[in-house]
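Working notes, structure below.
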Amino acid sequence: MKNLAISILGGALRNGWRNPTGTITRSNSTIFGLSSGFGKCGVSVIRVSGDVAQEILTRKTRLKCLPAPRKALLTKIYHGRTNEMIDRGLLLWFPGPNSFTGEDTIEFHVHGGTAILSAMYDSLAAFGDTRIAEPGEFTKRAFHAGKMDLTEVEGLADLIHAETEAQRRQALRQANGQLATFYNGLRSRLVKVIAGVEAYIDFAEDQDVDDGVLDGSVVDVQSIIGVLEMHLNDNRRGERLRHGVRMVIVGAPNVGKSSLINLLSQRNVSIVTNIAGTTRDIVESHYDIGGYPVILADTAGLRTNPQDVVESEGIARAKAYCEGADFIVLVLDASCVRNPDQLDSHAREYVESIGLNDELLTNALFVFNKCDLVSDGMLEALKRHGKFTLLSCENQFGLPELLTGMKTHLERLCGAPSVESPTITQERHRFHLRKCQVCLERYRDYFSETPEAVRDLAIATHHLRNAVRCIGKITGSVETEEILDVIFSTFCIGK
């Protein structure tokens, strides 16, 4: 796959293409790129966007007139320079501004062979003022054309990289503009406040402007601060869902932690033996549990009397991992239970015996493993308790209930993307929202801390303007090249 990409790019270079970091980097150049993945496949999609797109379409297809917009046309596709036929495939024509990028755009759907793609690239590079697109450049042009804002761009990137159903739902809502609508609503409210204050400054002495404008602006700002506080106080649900929930399995040696992670993955992720302390380091694996992304970690067995320095280090790492984990699965040995009526005290003594902090287990999932080793009467007694999850990694008893319990905890940690209001998905958003909140608090406090006789409303309004700029940096209405470069670099070349 990598060699194919190098081969195609090399062919384009030999035929006059300039590196995107070289001399031909004008934003109005016509760009082209493979929008489907590299590698042999049934169909590959090559996208072209820019002023030369119409000429490319005419010369490469020899059509007498432009095809109907947004309708697939089966046609012969020629080289353009050698006039040799390359392939027979589908053509889609999107005249600007009604296209993804806002420019004239073509999509060639050709067979996905290496030689065909190389010939297509070679022929496209032969046209004047054309070049291979930089990563994310198609989407970047759509952004500059006003087709989407930065939050929608980020949502589109997340949608492409989504691996679970919950991630897809969250990314889709953001890509469809729901987060942008929320931020633009806040921005519009602030602009109205600024307009009212500036009207008071300009016309209060000469015209009938209500003296309550300033008091009203403080009330409005306090209301917006409240909205921001609620939005920021989300327990990082959106970011956690985007990156994956860090779930850790902990417990004493030989209670079945490694067996559990192997059961969930349906493969041998961790070594399982009857020797206590087999697992010494952190073993991570990625899962989709109930549609939520999970980074599940197996850890060294916890005990207060480690046998050697290696086990001691493994226990220290396990406890440190627990400190940063989002969710803990505490595994206990059901065969060690003597009195099912005292499960709560048994669990407390168990936690104390492994030296784990009680505060970490406030919302942990307690799993009694090895239920295949207890009598039927004991099993029924354990079931009646109802507070703990019962499991046997040996015969998979209780596995559906365990997965249901995990999904319930994951919903609490990540929320329900298809139901709840849009959440913060990027640390970049959180940073600018906090700065916005600080600016608004300064405006509010200015009126309570500064005597009316010495107030400078220009200073107060400056705080409001800074708050609007902070929101603008999230949506992209206030552009900085550094932010744009970071965001669009995460895209592939054909997007």
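The values are calculated or read from the model by the stated rules, or taken from the named source; none is laboratory data. A quick note: this is a predicted structure, and the numbers were derived from the prediction, not measured. Don't worry about glycine lacking a Cβ; one is built from the backbone with ideal geometry, like all the others, and counts go over all protein chains shown. Just so you know, the surface numbers come from the protein's heavy atoms only, side chains and all, with ligands and any DNA or RNA stripped out. Shrake-Rupley method; radii C 1.70, N 1.55, O 1.52, S 1.80 Å.
Summary of values
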{"read-out": "The chain: angle of helix 309-324 to the longest principal axis, Cα-based, in degrees nearest 10", "value": "60 degrees"}
{"read-out": "Nearest 10 degrees, 0 to 90: helix 427-449 Cα axis against the chain principal axis", "value": "90 degrees"}
{"read-out": "Net charge contributed by nearby residues that have their C-beta within less than 9 Å of GLY177 (K/R +1, D/E -1)", "value": "-1"}
{"read-out": "Kirkwood hydrodynamic radius (C-alpha pairs) into Stokes-Einstein, region 89-152, 37 °C and 0.692 mPa s, D in µm²/s", "value": "246 µm²/s"}
{"read-out": "Equivalent ellipsoid, region 218-302 (semi-axes from 5 times Cα gyration tensor eigenvalues, Å)", "value": "41, 14, 8"}
{"read-out": "Rounded, prolate or oblate (a/c below 1.5 giving rounded, otherwise prolate when a/b exceeds b/c) for region 24-134 by Cα gyration tensor", "value": "rounded"}
{"read-out": "Too-long pairs where the Cα-Cα distance tops 32 Å, listed order kept, from LYS71/LYS407; LYS40/LYS257; LYS71/LYS140", "value": "LYS71/LYS407; LYS40/LYS257"}
{"read-out": "Solvent exposure of the chain as accessible area per residue, Å², 1.4 Å probe", "value": "49 Å²"}
{"read-out": "Reachable lysines from LYS64, criterion Cα separation under 26 angstrom, eight or more residues apart if same chain", "value": "LYS76"}
{"read-out": "Cα-based Rg and Dmax for region 345-469, where Dmax is the largest Cα-Cα distance (Å)", "value": "26.6, 83"}
{"read-out": "Length-normalised contact order of the chain in % [C-alpha pairs under 8 Å, at least 6 apart]", "value": "16 percent"}
{"read-out": "With every protein chain in place, the chain: carbon and sulfur % of accessible area (1.4 Å)", "value": "50 percent"}
{"read-out": "21 Å Cα-Cα reach of LYS435 towards lysines, excluding residues that sit fewer than 8 places from it in its own chain", "value": "LYS192, LYS473"}
{"read-out": "Cα-based Rg / Dmax (Å) for the chain", "value": "30.3, 91"}
{"read-out": "Candidate lysines - alpha carbon under 17 Å from LYS383, same-chain residues fewer than 8 apart omitted", "value": "LYS370"}
{"read-out": "Neighbour net charge for VAL331 - beta-carbon separation under 13 angstrom, K R +1, D E -1", "value": "0"}
{"read-out": "Among beta bridges that DSSP assigns inside the chain, antiparallel share in %, nearest 5", "value": "60 percent"}
{"read-out": "Equivalent ellipsoid, region 144-270 (semi-axes from 5 times Cα gyration tensor eigenvalues, Å)", "value": "50, 20, 7"}
{"read-out": "With Cα atoms, 0 to 90° folded angle of helix 178-203 axis to the chain main axis", "value": "70 degrees"}
{"read-out": "³J(HN,Hα) computed for each position of region 55-71 - Karplus, 6.51 cos²θ - 1.76 cosθ + 1.60, integer Hz, glycine/proline x", "value": "5, 4, 4, 5, 6, 7, 10, 6, 6, 6, 9, 5, x, 4, x, 6, 10"}
{"read-out": "Filtered trypsin sites (Lys or Arg not before Pro), region 311-367: DSSP coil and at most 13 other beta carbons within 10 Å", "value": "ARG338"}
